[in-house]
Amino acid sequence: MTQPIIRLSGLDKFYGEFQALSQIDLDIQTGEFFSLLGPSGCGKTTLLRAIAGFETLSSGSLHIDGVSMEGVPANKRPTNMVFQSYAIFPHMSVAENIAYGLKARKLPKAEIKASVAEAINMVGLEGFDDRASHALSGGQRQRVALARALVLKPRVLLLDEPLSALDKKLREQMQSELRRLQRAVGITFVLVTHDQEEALTMSDRIAVMFDGKIEQVASPQILYGKPSTRKVAAFIGMMNFLDAKVLTTSGDNLEVEVQSLGKLTLPLEQATGGLDGCNSVGVRPEMLTILMGSQTSEREIEAEVTEVYYYGDMTYYDVKLPAKEDPITVTMRNTAGREVLEVGAKARVGWSTSSLLLLK
Amino acid sequence: MVGFQKWRRSESAQGLFLISPTLGFALLLLAVPLIMVVALSFWTQDYLTLDRTFTTANYQTAWTEPMYQYLMARSLKISIFVTAVTVLVAYPVAYFISFHVVPKRKAMWIFLITIPFWTSYLMRIFLWKVILGYNGVINGTLTGFGIIDEPLSFILYNQNAVVITLAHAWIPFAILPIFVALERVDRSLIEAAEDLGDSGIRRFFRVTLPLSMPGVIAATIIVFIPTIGDYVTPRLVGGPNGLMISNMIELQFKKANNAPLGAALAISAMGIVTFFALVFLWMNRKYVRGPS
């Protein structure tokens, strides 16, 4: 593998007694769209700001492009940042904002003009050159912030929750636009977000963080399909959990006793985070089916519908399994001929052993 | 009558009732004397009687007599100096409090800065006389250490003394608006400037200073307008060369027994101050609005 563009090792950050980051080891590859995902207060923004040079490390090292960033101030790092508030200079026009970093580099005027025009084109803000920042919409401000950073052709672009201030529709549009931009410019993007959907749809790889620690680093498919811990599984998408106990291991197979489902044999690889401390089984709601009429499934279990949420294209059922207090969720696509069950109805829930994950 | 009843119950009427005591007070003590001074400036005084025929002779004297022109120019010059010194000293102090004092101590710092101004202004002027005087603190120290042989004479009873004393008096009033403006500068803008490659000094001149200009302009107005008409300070520490236009106005009203000329001088000074204030306000509008 080629040298990673960003290498963090043994990184710690303390604020007094409070440890914001603990033992972060992470490699980010050149040209990747990488996301730091986690609930608020998990340290993801601190980590991003540490990469940008706005936070000093308590211990550990940070290399960008193989060069140690120790003692290198933010204005000398090959990174640029899109701030959560966008931080558009209010006393400057759109063009002046975008030219800011180029002027800081004391480039010739003609070159600055050409680069600014190109950047304005790239983010689709033609004709807005002389617009004052207070006369811009949220989406336009975001584009100015992007252009202002990208025009400097950084090695890494850091984005601090850039979409959180936008409404849903604009957010979706900007998601695909960010992705398109990233592919077009080929710059490594590091995005901080608390929105799992955003991270899943945009990223090549995602680091999930809790309490200042990285829980799992993986591609979106692996993160969703094979989360390594119960925490990650619960944070990304919906997941039903059943108590479980590993009875015996024989070769590549595990003998497991699962709440409501009974004694099962699972392949070792379905213990995605290793065998140590496994005490629950997770299954995604869409991996379960409500069986109708003569439909059959690999396995099935009798259950009672306790709640129905009808979403038009989908129906979410809360169903109560025997020998489990809390109901589990089953999501069904409302295809032709499928009837929506009512609360209190008996349901046959179909499942398969291959959709179960053994988690700690 | 119905219309009046309706008006009495309206919100604007209730608002007017609410402010009427203050409004009446202000009219009585501000507007009425001002109108009287304006009227006076168009009359003539003949010993103890006032000739109430309209004349612009007072203004002609006020604007053409070299002595009055000279005093007006000196007043302007002194207050421009005072304003420049005050703002230049106040800015770093405000900057320090806003950027380097931990948030929970900021209020205490501001409080400490205002403490000297609980003392009477007259007292502070006399203290400056003690500090700057011929046998004062500065001269005493310098001669004592043998740095100078003769006491410095350029620091008291001249314009320098007026500038020093007034600048000291007005500094907190300059620190406060600048501090408020600096507090309102979004710190992420300064980080953005750093991120985009600017060093500390460059991002100060490209981001922090332009964004705090409304505070600087407010400070300028607050200091400039009252100092141009200051009367006590030049009288006490200015000596004969430090006298300003307000001292002349007093002279006209009292010893020279020519109140109309004094009124004309006062109104002229007011006009000049208004002109400058409008220029500052226009500059402020420009900064607040940003690029159009």
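Just so you know, in segment A:81-99 the residues that are open to solvent by 40 Å² or more (accessible area, probe 1.4 Å) and touching a Ser or Thr at 6+ places or on another chain (Cβ under 6 Å) include one that is farthest from A:Leu166 (Cα to Cα), and it is A:Pro90. Within segment A:247-283, the set of residues being touching a helix residue (DSSP H, G or I) at 6+ places or on another chain (Cβ under 7 Å) and open to solvent by less than 50 Å² (accessible area, probe 1.4 Å) comprises A:Leu254, A:Leu264, A:Leu266, A:Ser280, A:Gly282, A:Val283.
Any residue at all in segment A:195-202 that is out of contact with any Phe, Trp or Tyr (no Cβ under 9 Å at 6 or more places or on another chain), in the same structural domain as A:Arg105 (by TED's automatic domain parsing), open to solvent by 20 Å² or more (accessible area, probe 1.4 Å) and part of a strand (DSSP E or B)?
no
Could you pull out the residue among B:Arg202, B:Arg206 that is in contact with an Asp or Glu (Cβ under 7 Å, 6 or more places away or on another chain), closer than 28 Å to A:Asn75 by Cα, part of a helix (DSSP H, G or I) and within 11 Å of another protein chain (Cβ to nearest Cβ)? Steps first, answer last, please.
Numbers: B:Arg202 fails: in contact with an Asp or Glu (Cβ under 7 Å, 6 or more places away or on another chain).
Unique residue meeting the criteria: B:Arg206.
Screening A:Val156 against (1) surrounded by 22 or more Cβ atoms within 10 Å (Cβ to Cβ); (2) more than 14 Å from every other protein chain (Cβ to nearest Cβ) leaves a single unmet condition, (2). Just one of the listed residues (A:Pro73, A:Pro78) is within 8 Å of chain B (Cβ to nearest Cβ) and surrounded by fewer than 19 Cβ atoms within 10 Å (Cβ to Cβ), and it is A:Pro73.
Looking only at segment A:128-153, count every residue that is part of a loop (DSSP other than H, G, I, E, B), open to solvent by 30 Å² or more (accessible area, probe 1.4 Å) and either more than 13 Å from chain B (Cβ to nearest Cβ) or more than 19 Å from A:Arg77 (Cβ to Cβ) (or both) and tell me the total.
Restricting attention to segment A:128-153, the residues satisfying the condition of being part of a loop (DSSP other than H, G, I, E, B) are A:128-131, A:136-137, A:151-153.
Keeping just the survivors that are open to solvent by 30 Å² or more (accessible area, probe 1.4 Å) gives A:128-131, A:137, A:153.
Within this subset, residues satisfying the condition of being either more than 13 Å from chain B (Cβ to nearest Cβ) or more than 19 Å from A:Arg77 (Cβ to Cβ) (or both) are A:128-131, A:137.
Number of matching residues: 5.
Looking only at residues in segment A:310-336 that are under 26 Å from the mean Cα position of the chain (by Cα) and open to solvent by 20 Å² or more (accessible area, probe 1.4 Å), the one that is nearest to A:Leu356 (Cα to Cα) is A:Thr329. When the criteria are applied in full, A:Leu125 fails the requirement of being at the interface with another protein chain (Cβ under 10 Å from one of its Cβ atoms), open to solvent by less than 40 Å² (accessible area, probe 1.4 Å) and not hydroxyl-bearing (Ser, Thr, Tyr). The single condition among (1) open to solvent by 40 Å² or more (accessible area, probe 1.4 Å); (2) farther than 16 Å from A:Ile214 by Cβ; (3) away from chain B (no Cβ under 12 Å); (4) in contact (Cβ under 8 Å) with a residue 12 or more places away in the chain that A:Phe33 does not satisfy is (1).
In this structure, B:Leu40 does not satisfy being open to solvent by 80 Å² or more (accessible area, probe 1.4 Å) and part of a helix (DSSP H, G or I).
Answer yes if at least one residue in segment A:61-68 is facing another protein chain (nearest Cβ under 9 Å), of a type outside the set (Asp, Glu) and touching a Ser or Thr at 6+ places or on another chain (Cβ under 6 Å), and no otherwise. Scanning segment A:61-68, I find no residue that is facing another protein chain (nearest Cβ under 9 Å), of a type outside the set (Asp, Glu) and touching a Ser or Thr at 6+ places or on another chain (Cβ under 6 Å), so the answer is no. Comparison of B:Ala174, B:Ala193, B:Ala218, B:Ala181 shows that the only residue that is open to solvent by less than 20 Å² (accessible area, probe 1.4 Å), assigned to a helix (DSSP H, G or I), more than 14 Å from chain A (Cβ to nearest Cβ) and not aromatic (Phe, Trp, Tyr) is B:Ala174.
Close Cβ contacts (under 9 Å, 6 or more residues apart or on different chains) running from residues in segment B:251-272 that are within 12 Å of B:Tyr68 (Cα to Cα) to residues that are assigned to a loop (DSSP other than H, G, I, E, B) and of a type in the set (Ser, Thr, Tyr) comprise B:Ala264/B:Thr56.
The numbered conditions (1) in contact with a helix residue (DSSP H, G or I) (Cβ under 9 Å, 6 or more places away or on another chain); (2) in contact (Cβ under 8 Å) with a residue 40 or more places away in the chain; (3) crowded, with 17+ Cβ neighbours inside 10 Å are all true for A:Val232 except (2).
How about segment B:131-184: which of its residues are small (Gly, Ala, Ser) and over 20 Å from B:Thr227 (Cα atoms)?
Of segment B:131-184, the ones small (Gly, Ala, Ser) are B:133, B:136, B:140, B:144, B:146, B:153, B:161, B:167, B:169, B:174, B:181.
If the condition is that a residue be small (Gly, Ala, Ser) and over 20 Å from B:Thr227 (Cα atoms), then B:Gly133, B:Gly136, B:Gly140, B:Gly144, B:Gly146, B:Ser153, B:Ala181 are the ones that fit.
For the structure I just gave you, tell me whether B:Gly239 is away from chain A (no Cβ under 14 Å) and either farther than 27 Å from B:Thr56 by Cα or among the β-branched types (Val, Ile, Thr) (or both). Criteria met by B:Gly239.
Evaluating B:Ser199 against the criteria (1) touching a residue at least 60 places away in the same chain (Cβ under 8 Å); (2) of a type in the set (S, T, N, Q); (3) open to solvent by 30 Å² or more (accessible area, probe 1.4 Å) leaves one unmet condition, (1).
The values are calculated or read from the model by the stated rules, or taken from the named source; none is laboratory data. Please read all numbers here as calculations on a predicted model, not as lab measurements. FYI the Cβ positions are ideal-geometry reconstructions off the backbone, even for glycines, and counts take in every protein chain you see. Ligands, DNA and RNA are stripped out before the accessible areas are found, and what is left, the full protein with its side chains, is counted by its heavy atoms. Shrake-Rupley method; radii C 1.70, N 1.55, O 1.52, S 1.80 Å.
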